[in-house]
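Taking it in order: structure first as structure tokens, then the write-up.
Every read-out reported here was derived from the displayed coordinates using simple, explicitly stated rules and does not represent laboratory data. Being a predicted model, the structure only gives us computed values, none of them experimental. When we count neighbours, we look across all protein chains shown, and the Cβ atoms used for this are built from the backbone with ideal geometry, even at glycine.
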Amino acid sequence: MITLGEGDTPLLPAPRLSGRLGVEVFLKWEGANPTGSFKDRGMALAVSRALERGATGVVCASTGNTAASCAAYAARAGMRAVVVVSAGAVARGKLAQARALGAEVVQVAGTFTEAFRKADELAESRDLVVVNSTNPDRIEGQSSAAREVVEQLGRVPDILALPYGGGGNTVAYAVGFGERLPRFVLGEAESRADTFASAIRIVEPVHRLEVGGVLKRSGGTCVPLSERQLEEAWRLIARDEGVFCEPASAAGVAAVAASVTAAGQTVVCVLTGHGLKDPDATGRLAA
Ligand code: F0G
């Protein structure tokens, strides 16, 4: 098992946010994972299984966090890592991490969708295992977060709120909760093509159909968010609760703030990544 100590992240009560929103808010602080994002849960399992099957290298397309995580676990496993990113679209901290951890960074001129295509091509031509969320081991590893939430809270929350980029995390939480799903409230950037929340700058979510199924089964909803709503939620998380997350991570809280929720419900908002990942965006927002 290739591990860096991922998982077991805090579930923090958020009293001031709760007062503001009229519901009982808890923050699942996934920025506390080894590389600063929730991706480590699934990457630990995906890289371990790839190694077990005799692979010598892994590849992924990424808006940055998957790349950093892939680089870290591959280094730990003594494997080669190739990460494909859309040129100029990745936050500084994430790129620095991926490079520092020894990954080969391939930049493509185009969107995340083009990067995905390129990663598939490289997997074929260089015999690498794809460790995007299309790899079932990633989803299985990531599903541990849902079981952890239930353990920490002592029950399934009424609502689970999280950012929606490609949808892998949504699918993973649904798998982890199993039969008894909380209501899923997803926040996505209204302007997916050019949101400042670069982690979720994804025009074509690869898990769109499965996410539709999860929303239907859980009676959930997906809220398109303006840049301003994302910014305001990000600021509240920081100033009300002392948690410094990256901009995309605020989407769950923003979606809860923007939707009608019965008073007193228990809401777990997943904060997916650390604020230090994206010093340019967070520095600008804090100014
Ligand atoms: N929050 C953060 C911080 C992310 O990095 C991502 C996705 C999401 C939310 C959305 O999760 O795609 O499972 O719906 N990041 C991927 C990456 C795309 O390459 O790091 P999703």
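Here are the numbers:
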| item | result |
| --- | --- |
| Residues located in segment 1-58, provided they are in contact with a Pro (Cβ under 7 Å, 6 or more places away or on another chain) and either more than 18 Å from LEU271 (Cβ to Cβ) or surrounded by fewer than 24 Cβ atoms within 10 Å (Cβ to Cβ) (or both) | LEU4, GLY5, PHE26, TRP29, ALA32 |
| Single match in THR66, THR113 (criterion: among the β-branched types (Val, Ile, Thr), in contact with an Asp or Glu (Cβ under 6 Å, 6 or more places away or on another chain) and either in contact (Cβ under 8 Å) with a residue 12 or more places away in the chain or in a helix (DSSP H, G or I) (or both)) | THR113 |
| Residue check, ARG201 within 14 Å of the ligand (Cβ to nearest atom), in contact with a helix residue (DSSP H, G or I) (Cβ under 9 Å, 6 or more places away or on another chain) and charged (D, E, K, R) | yes |
| Hits in segment 238-260 - residues which are assigned to a loop (DSSP other than H, G, I, E, B) and in contact with a Lys or Arg (Cβ under 9 Å, 6 or more places away or on another chain) | GLU246 |
| Residue that is farthest from the ligand (Cβ to nearest atom) [pool: residues in segment 225-239 that are surrounded by fewer than 24 Cβ atoms within 10 Å (Cβ to Cβ) and closer than 13 Å to LEU271 by Cβ] | LEU236 |
| Subset of segment 84-93 [outside any helix (DSSP H, G or I) and within 13 Å of the ligand (Cβ to nearest atom)] | VAL84, VAL85, SER86, ALA89, VAL90, ALA91 |
| Filtered residues of segment 45-83 (kept if farther than 22 Å from GLY275 by Cα and within 16 Å of the ligand (Cβ to nearest atom)) | LEU45, ALA46, VAL47, VAL58, VAL59, CYS60, ALA74, ALA81, VAL82 |
| Candidate set from segment 150-182 (those that are within 23 Å of VAL260 (Cα to Cα), more than 8 Å from the ligand (Cβ to nearest atom) and of a type in the set (Val, Ile, Thr)); member that is farthest from the chain's Cα centre (by Cα) | VAL156 |
